[in-house]
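Bear in mind these aren't lab numbers, they're just calculated from the coordinates by the rules spelled out. This is a predicted model, so every value here is computed, not measured. With ideal geometry, Cβ positions are generated from the backbone for all residues, glycine too; neighbour counts draw on all protein chains shown.
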Amino acid sequence: MDGNGRWAKARHLPRVAGHKSGMESVRSVVKMAPDLGIEVLTLYAFSSENWKRPEEEVGFLFNLLKSYLQSEIAELDAKNVQIRCIGNWRALPADLVTLIDGAIERTKDNAGLKLVLALNYGSHDEITRAVRACVADGLTGGQIDEAAIEARLDTAGLPAPDLIIRTSGEERLSNFMMWQAAYSEFVFTPVLWPDFDGDALARACDHFAVRERRYGGI
């Protein structure tokens, strides 16, 4: 979800205004996803590199996430959405962790859209933690194979992403799901995240639908 800062700058607004507007895009995309047949929607909400941003901006992002969970959890639960998190999210502020725990517990039995929030997430960190977990579990040598690592990734139990969308014209992974994205399709759009809505998601899915996926075959 890239481009909040540039969206705000183009309108001579503070960066936080872009993040606030971007939250409306989150609502629109989450609402549209089930109608498009999407079963798992992952939002890269806060990366492990985002700590480098100004403290005031980081705090605003955390408060925005708290506000989203507080205001949306009842509706998400009513719509059968299951909330999950990936990343080292327990290192976030304690009050935010409490809210996330509550949202996960409240929606754990829901069978609709799986809404995965990537929080304090970085793929290098995720893979490193998975390998360390293999060692901690007593695995050695050939026992540490792809299946063992995948079982200890944050995304264990979730399918690999079919489609990864990046907004704002940037064309790189930026440490996102580098293991899981081995055979993902990509859509790079110049649209800044605050201007990306449910209709934009539908157009991205249309692009994906006509692609031929060979997984290394002919």
Determine the dipole magnitude for the chain: charges of +1 sit on the beta-carbon of Lys and Arg, -1 on that of Asp and Glu, nothing else is charged, the reference point is the Cα centre, and the result goes in debye to the nearest 20. 360 debye
Once the dipole of segment 4-209 is set up with Lys and Arg at +1 and Asp and Glu at -1 on Cβ about the Cα centre, which of Leu96, Ala130, Val40 lies farthest towards its positive end? Leu96
Give a quick list of GluC sites (Glu not before Pro) in segment 1-75 that DSSP marks as loop, anything other than H, G, I, E or B, with at most 14 other Cβ atoms within 10 Å. Glu39, Glu49
The simple spin-label model distance between Arg172 and Glu56, using points 7 Å out along Cα→Cβ, in nm, is 2.7 nm
Theoretical FRET efficiency, 1/(1+(r/R0)^6), r = Cβ-Cβ of Val131 and Asp199, R0 41 Å, to 0.05: 0.50
Distance in nm between pseudo-label sites at Lys66 and Ala147 (7 Å out along the Cβ direction from Cα): 4.5 nm
Local net charge near Glu185, Cβ-Cβ under 11 Å (Lys/Arg +1, Asp/Glu -1): 0
Near Lys9, which lysines are there with a Cα under 25 Å away, not counting those fewer than 8 places off in the same chain? Lys20, Lys52, Lys66
When the chain is modelled as a GNM with alpha-carbon springs shorter than 10 Å, which of Gly157, Gly112, Gly22 fluctuates the most? Gly157
Surrounding net charge for Ala151, when Lys and Arg each add one and Asp and Glu each subtract one, Cβ distance under 15 Å: -3
Give me the number: length gained by fully extending Asp77 to Ala94, i.e. 0.36 nm times residue separation minus the C-alpha to C-alpha distance, one decimal in nm. 3.8 nm
Farthest towards the positive end of the dipole of segment 4-209, among Leu64, Phe196, Asn110 and with Cβ unit charges of +1 on Lys and Arg and -1 on Asp and Glu, lies the Cα of Leu64
Tell me the label-point distance for the pair Arg106, Trp179, using the 7 Å Cα-to-Cβ offset, in nm and rounded to one decimal. 3.1 nm
